[in-house]
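Inspection log for the structure reproduced underneath, given as structure tokens.
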Amino acid sequence: MTDPFTETLIAFLPNLRRFALSLTQRADAADDLVQITAERALAGRHGYDPAIRMEAWLFRILRNAFIDQTRRDRVRGHSVDIHDMPEAAVIDGAAVTETALMLGAAQSALDRLPDDQRQVMLLVCVEELSYAEAAAILGIPVGTVMSRLSRARLAVAKTLGIS
């Protein structure tokens, strides 16, 4: 039992792949695009009008799939094949967890500082302002900025168990 629709679709696969390669410039992406096209054609075969050449219908499906994929990729951002960047595949779960816990503890220690010390710490250590700039923003002498920053650093280090 042969299905003329499926046979015609299979016969046009090389043509679809050539067109997909011209659009994507990558063999793997072209293969994915041809697969999407075949899936959509098979799913939408009831909507196919035999008065239209099947080849033109398939090319239109492929082109629309390419446009959909391009739009989706634009929103998703640039992706890199794991084989092109093997160092990206190495994830040390323990280090990631330890870093997250340390950052949480540092944020908690920072939150517990008195307002005057926290403001100085944020301006100098996070925003990377000079002592003079922080002093001008807060309207205090530079010596006071240095003193508050010293006390803030010692308090955070003590809370985190750093000597």
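The values are calculated or read from the model by the stated rules, or taken from the named source; none is laboratory data. Model, not experiment: these values are computed from the prediction. Neighbour counts are summed over all protein chains in view; Cβ atoms, including those assigned to glycine, are modelled from backbone coordinates with ideal geometry. The accessibility values were calculated without ligands, DNA or RNA, using every heavy atom of the protein model including side chains. Shrake-Rupley method; radii C 1.70, N 1.55, O 1.52, S 1.80 Å.
Brief remarks on what is shown
- Scanning the range 18-30 for any residue that is at pLDDT 95 or above and either of a type in the set (Phe, Trp, Tyr) or closer than 16 Å to MET54 by Cα (or both) turns up nothing.
- Residue match in the range 126-137 (condition: under 30 Å from PHE12 (Cα atoms) and either without any contact (Cβ under 8 Å) to a residue 60 or more places away in the chain or not in a helix (DSSP H, G or I) (or both)): no
- Test: ARG40 is among the charged types (D, E, K, R), exposed (fewer than 13 other Cβ atoms within 10 Å of the Cβ) and over 22 Å from HIS83 (Cβ atoms): no
- Applying the set (1) farther than 22 Å from ARG26 by Cβ; (2) charged (D, E, K, R); (3) modelled with pLDDT under 90; (4) open to solvent by less than 90 Å² (accessible area, probe 1.4 Å) to ASP81 leaves exactly one unmet item: (1).
- Residues in the range 56-68 that are out of contact with any Lys or Arg (no Cβ under 8 Å at 6 or more places or on another chain) and surrounded by 15 or more Cβ atoms within 10 Å (Cβ to Cβ) were compared, and the one that is farthest from ASP3 (Cα to Cα) is PHE66.
- Qualifying residue in the range 129-146 (condition: in contact with a Pro (Cβ under 8 Å, 6 or more places away or on another chain) and either more than 30 Å from PHE5 (Cβ to Cβ) or open to solvent by 60 Å² or more (accessible area, probe 1.4 Å) (or both)): yes
- Search result, residues across the range 116-128 that are modelled with pLDDT of 90 or more and either open to solvent by 70 Å² or more (accessible area, probe 1.4 Å) or among the aromatic types (Phe, Trp, Tyr) (or both): GLN119
- Taking the listed residues LEU110, LEU16, LEU21, the one that is among the hydrophobic types (A, V, I, L, M, F, W, C), surrounded by 11 or more Cβ atoms within 10 Å (Cβ to Cβ) and closer than 30 Å to ALA157 by Cα is LEU110, with no other qualifying.
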